[in-house]
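One structure below.
Please treat every number below as a calculation from the coordinates, not as lab data. Just so you know, these numbers come straight off a predicted model, no measurement behind them. A quick note on method: Cβ atoms are made from the backbone with ideal geometry, for glycine too, and the neighbour counts reach across all protein chains shown.
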Amino acid sequence: MVNEDTLRNRIIRIIAATRFPFADQEDWGEGYATIVNDEVKRRGLDTEYAVVYPSIVITKPDGRVQELADIALAIEVDSSSVSRWRLLSERTGMGEREKKFFLYVPPGSEKKAQRLLEDNRISYAGLRVYSITDGILSVTPIKTPDSDYDHRIT
């Protein structure tokens, strides 16, 4: 069995490669860069207390953050993650109606994650479930309050 850190890092890389942008996406911003924070922490967000590393960072050509995504393990889908998710939401760009923050959680965690996001008034563009079946990672959208375009199963 693969340990949780290795598994999360693999999931981060696959999601970044298949959803930021989607393989057939034609409206991906010119010069956008997709940066992963896996075993190597490449792009963090400075805070008053520490540097926070979202799982995936999308930057504009000038280096400003456009989108952020965080991949959570089941144990992290609880109230202790609310401050992190709020920070990530606040530090990302605006979509059509919501901040461009995407949260990916394992199966069985989606209702709790949605309740935590919404009860704490955290603006988010998408809540997704990631799952692995026979070695294949799939992503199922749970809620997409921003752009219908982002509501895709992969």
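Residue-wise HN-Hα couplings along segment 44-52, as the Karplus relation 6.51 cos²θ - 1.76 cosθ + 1.60 with θ = phi - 60° gives them from phi, are x, 10, 6, 10, 4, 9, 6, 8, 9 Hz; Gly and Pro carry x. Couplings for segment 100-115, taken from phi via the Karplus curve 6.51 cos²θ - 1.76 cosθ + 1.60 with θ = phi - 60°, read 7, 10, 10, 10, 10, 10, x, x, x, 9, 5, 5, 5, 4, 4, 4 Hz in order; Gly and Pro are left as x. The amide H of Val77, built 1.01 Å from its N in the peptide plane, has no neighbour under 5 Å, considering only residues 5 or more places off or on other chains.
The alpha-carbon of Lys111 sits under 18 angstrom from the alpha-carbons of these lysines, leaving out residues fewer than 8 places away in its chain: Lys143. Scalar couplings 3J(HN,Hα) for segment 57-62, obtained by applying the Karplus form with A = 6.51, B = -1.76, C = 1.60 to θ = phi - 60°, are 10, 10, 10, 7, x, 7 Hz; x denotes Gly and Pro. In the chain, the DSSP-assigned H stretches of four residues or longer account for a calculated mean residue ellipticity at 222 nm of -7000 deg cm²/dmol, using -39500 (n - 2.57) per stretch and the full residue count as denominator. Annotation: amide H-H contacts under 5 Å for Gly95 (H modelled 1.01 Å from N, sequence separation of 5 or more, or interchain): Lys100. Judged by the mean number of other Cβ atoms found within 10 Å, the most tightly packed of the peptides 98-108, 65-75, 28-38, 1-11 leads the ranking 98-108, 65-75, 28-38, 1-11.
Label-point separation (nm) for Arg42 and Lys60, each offset 7 Å from Cα along Cα-to-Cβ? Taking the two extended label points, one gets 2.1 nm. Mean sequence separation of contacting Cα pairs (under 8 Å, at least six apart), scaled by the length of the chain, corresponds to a relative contact order of 15 percent. Listed values (1) 1.38; (2) 0.93; (3) 0.95 include one computed from this model; for Rg/Rh (Cα atoms, Kirkwood Rh) that value carries the label (2).
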